[in-house]
1. Could you tell me whether any residue of segment A:171-183 is surrounded by 21 or more Cβ atoms within 10 Å (Cβ to Cβ), of a type outside the set (A, V, I, L, M, F, W, C) and part of a helix (DSSP H, G or I)?
2. Pick out, from segment B:288-368, the helices (runs of 4 or more DSSP H) lying fully within it that include 1 or more residues that are more than 9 Å from chain A (Cβ to nearest Cβ) and under 21 Å from B:I236 (Cα atoms).
3. Restricting the search to segment B:59-69, which residues are touching a residue at least 40 places away in the same chain (Cβ under 8 Å) and outside any loop (DSSP other than H, G, I, E, B)?
4. What number goes with the only condition from (1) within 14 Å of another protein chain (Cβ to nearest Cβ); (2) of a type outside the set (K, R); (3) in contact with a Ser or Thr (Cβ under 7 Å, 6 or more places away or on another chain); (4) surrounded by fewer than 21 Cβ atoms within 10 Å (Cβ to Cβ) that B:L112 does not pass?
5. Criterion first (surrounded by fewer than 21 Cβ atoms within 10 Å (Cβ to Cβ) and part of a helix (DSSP H, G or I)) does B:L266 satisfy it?
6. Only residues that are touching a His at 6+ places or on another chain (Cβ under 8 Å) and in a helix (DSSP H, G or I): list them for segment A:147-165, please.
7. Could you please let me know if A:F141 is buried (at least 24 other Cβ atoms within 10 Å of the Cβ) and either more than 10 Å from chain B (Cβ to nearest Cβ) or not small (G, A, S) (or both)?
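The values are calculated or read from the model by the stated rules, or taken from the named source; none is laboratory data. Everything quoted here is computed from the prediction, not taken from an experiment. Glycine also receives a Cβ, built like all others from the backbone with ideal geometry; neighbour counts cover every protein chain displayed.
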Amino acid sequence: MTHRAIRSKQFGEFLALAKAKKDRSTMKDATEKMGELSNIPYDKLTAAQKRGRLITKLITRAYDPNEYVIWHSLFMPSEIFYGMGMVPFSTEMVSAGLAGAGLSKGLVEMGEMYTQCMDSCSFSTCTIGAITSDVFPIPDFLITTSQLCDPEKKLGRFASENYKRKDFFIDIPYGGCLLEGDAYDTAVDYVAKQLEYMVAFFERETGMKLDNEKLARALDNSNKAREWFLKIDELRANNPALIKGTKILDFSAVLLDIWGSEEAVDIFKTLHDELVESAAKGGMSEQYRIGWIHLRPYYDNTIINYLEEECGAYIVKEEINYIFWEAHDLNDPFRSIARKVLANPAYSPLTVKNKIYSDVIKKFRLDGMFGFAHKGCRHFYSSLHIASDSFKGKCPFIVIDGDCVDPRAYSFPLIKTRVDSFVDTMKIRKEGM
Amino acid sequence: MDYSTLKQSLEQLRKKGPSIGWFCTYTPEEIIHAAGYTPVGIRVSSGFEDDDVHLGRNMCSFVHSIFGAALNGEYEYLDGVIIPHCCECMRRLYDGWELLNDSVKPRFAYQLDVPDANTQISVEYFTTVLRRFMNAMEDKSQMKITDETLMQSIDIYNETRSLLRRLYDLRKRDNPPVTGEQVLEILDLCMTVPKEDFNREFGAWLAGIEAGSEPAFHDYRSKIAIYGGMFNPEIIKYVEKDGTGGIVVCEDACNGIRYFESAVDLTRDEDPVKALARRYLSKMPCPRMAGRRYGDRMPEDLLKLVQEFRAEGVVYYITKRCENLYWEFPFIKETLDKHNIPLKRLEGDISGDIRTREIKSFIELLDF
């Protein structure tokens, strides 16, 4: 296929861009990182390195002309793609990676030339920049869902028109986790049917057939990985902080395209084992335990390093590592995946999230909640501000306005004053005046 | 009956009897009506935008206006409100309403989930959602909604739609007998007074205008179409002001043609609830809608309107913070550019100042 032949050139562009902006990177240069990781025997890698290798492998495969590459919007369960032998590519998660690699500023500016707006979500705007700069691999198909935000729907449409590749849209009922009885069953059927149509669409377009055994394996992998992650939660709830915030935040369990892969099982098992070891050594010398809401600025680690290293306020639970779904039923794959989609608390009224926050505060014995409000996100930015109102007088709750991808307006000294008051509040509550 | 008499008589019919407020044209008013309430469209700025300090700075001014008013008791005359899940900002409006329920009036709020796609199965699914909505309305009003009462409501609303289409047909004339400002006022009245009264009063006035009337303006006017969500009425006022030299002939907007375009078709679906679901998902779309059936439709719909109403230029008004409008713009621009239709992009709130100089120079350019 002609569109696939261009991928190798795009990979070259991507690597060249990464190299050119190497100095801005909060990570090591992407090329070096890939080389470095591939030289270490797999069993010697840490969980974070295994995760890095898997992500690198997925991204590299996405540029491979022989692969079926599916661009998809956030929260699209990746299990089906593994079941179909396709490569999932979450553009917005890759944009987070681009921010870490120091590439987002220029790409956001490129994207803004298209949207003519400096007020939109920079994840999506950065993706537009990457598309117009031709550094992303051309997809075979695009899958967009209504979960979670408005720009993603347009982003899928833009990419589809730009690359002249077909897109498939899935409508997800809002507040699915609040539905009960027949209403819930109807919603599950509605989503499951659309997932089946999506598979039929793939089969029609590619001539491939869904391998039910492969899908069952992917769901089984997903269940096993989930089990390990729940064990990780238990360990973290019952021990001092066991891992650095920047590291654990980057696992972004609910967002990454690793669910369904065999590697994910091993990654979370390795992480579990590392935390057991860390617990045996007594963990970190924490003074305060905090929960982190939403994502982090990917271009800079100062806030979290300051919180943990200077203030002793360790992140012990993150919203993006909250496993909200039940184990998959291997005998009922589509309805099972539909239930996972509908269980997403982020796509529900805020009362659902507030209840989870309360439970997490209790279970993880949190001293405070730290929300990083991505300013372009109508959804999370607003919900964080409303939630912080709800927790007034109950738990110290700070909301820092910022941008996860676009570094242009970032200033740590401005944030520091507020972070200090947040830590003081936790101190007063914990130790008294 | 002249226009000012019509306006006066309709204004006197406002705020009577039990009523339920709504904020988005994806709200099926027919169900509210069948439950014995007057549906009241909240479509203009309340003036309390700055009073909302809870929802966060990146909400659109429409949502800030509604929530600010709710916190100030401005909607106390309503028995409740319906907040559709139609965009991210409306999503959070409902959350604010729920979590600050002790501070808002009225306290009753129902969140109606509206699918983003128009497919056979989304129509089926939305039918079930609407049935639940009907049950909630029945519980609130203690009044049973039967197929018969619902069909009666649908007939009344279809009549309103037919009357408004006739009004818009008048705007296709070389020299329209109504101004854009008058049409906007009529739509606002239509959304806030009982439809039976509106149909009677407005129908009589419309028949008179159709029989023969003077053009609204005697001098030459450039014909302008507006695209937007909830746009600022000041645009129309300014476009049509003496000295600016324009007349607004159609609005592809939530406070425009999207409100009434396409009737509920009871001949296609025997089930009135399904007929409602189909109508609301297939009506002229707001840019919130997605999927292949909509991919090309929004720019194409606007293009059709521009051609039908012979608009010479389009003002694309972005309500600040509306992601759907920001992101739809490039698609609209591409389509209009292909057809050499001049386009002006403006950004602002649902009320307050607009960039008058830009509008004036845009219209001046059209005249060249």
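1. Yes: segment A:171-183 contains one or more residues that are surrounded by 21 or more Cβ atoms within 10 Å (Cβ to Cβ), of a type outside the set (A, V, I, L, M, F, W, C) and part of a helix (DSSP H, G or I).
2. On the way: elements: B:292-295, B:297-308, B:323-338, B:356-367.
Those helices (runs of 4 or more DSSP H) span B:297-308, B:323-338, B:356-367.
3. Selection gives B:S61, B:F62, B:S65, B:I66.
4. Of (1) within 14 Å of another protein chain (Cβ to nearest Cβ); (2) of a type outside the set (K, R); (3) in contact with a Ser or Thr (Cβ under 7 Å, 6 or more places away or on another chain); (4) surrounded by fewer than 21 Cβ atoms within 10 Å (Cβ to Cβ), only one is false for B:L112: (4).
5. Numbers: surrounded by fewer than 21 Cβ atoms within 10 Å (Cβ to Cβ): yes; part of a helix (DSSP H, G or I): no.
When the stated conditions are applied, B:L266 does not pass them.
6. A:Y163, the sole residue that qualifies.
7. Details: buried (at least 24 other Cβ atoms within 10 Å of the Cβ): no; either more than 10 Å from chain B (Cβ to nearest Cβ) or not small (G, A, S) (or both): yes.
Spelling it out, it is not the case that A:F141 is buried (at least 24 other Cβ atoms within 10 Å of the Cβ) and either more than 10 Å from chain B (Cβ to nearest Cβ) or not small (G, A, S) (or both).
A quick yes/no check of all residues on (1) out of contact with any Pro (no Cβ under 6 Å at 6 or more places or on another chain); (2) among the aromatic types (F, W, Y); (3) more than 22 Å from A:A241 (Cβ to Cβ):
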| site | (1), (2), (3) |
| --- | --- |
| A:F370 | yes, yes, no |
| A:R378 | yes, no, yes |
| A:S388 | yes, no, yes |
| A:I400 | yes, no, no |
| A:M426 | no, no, no |
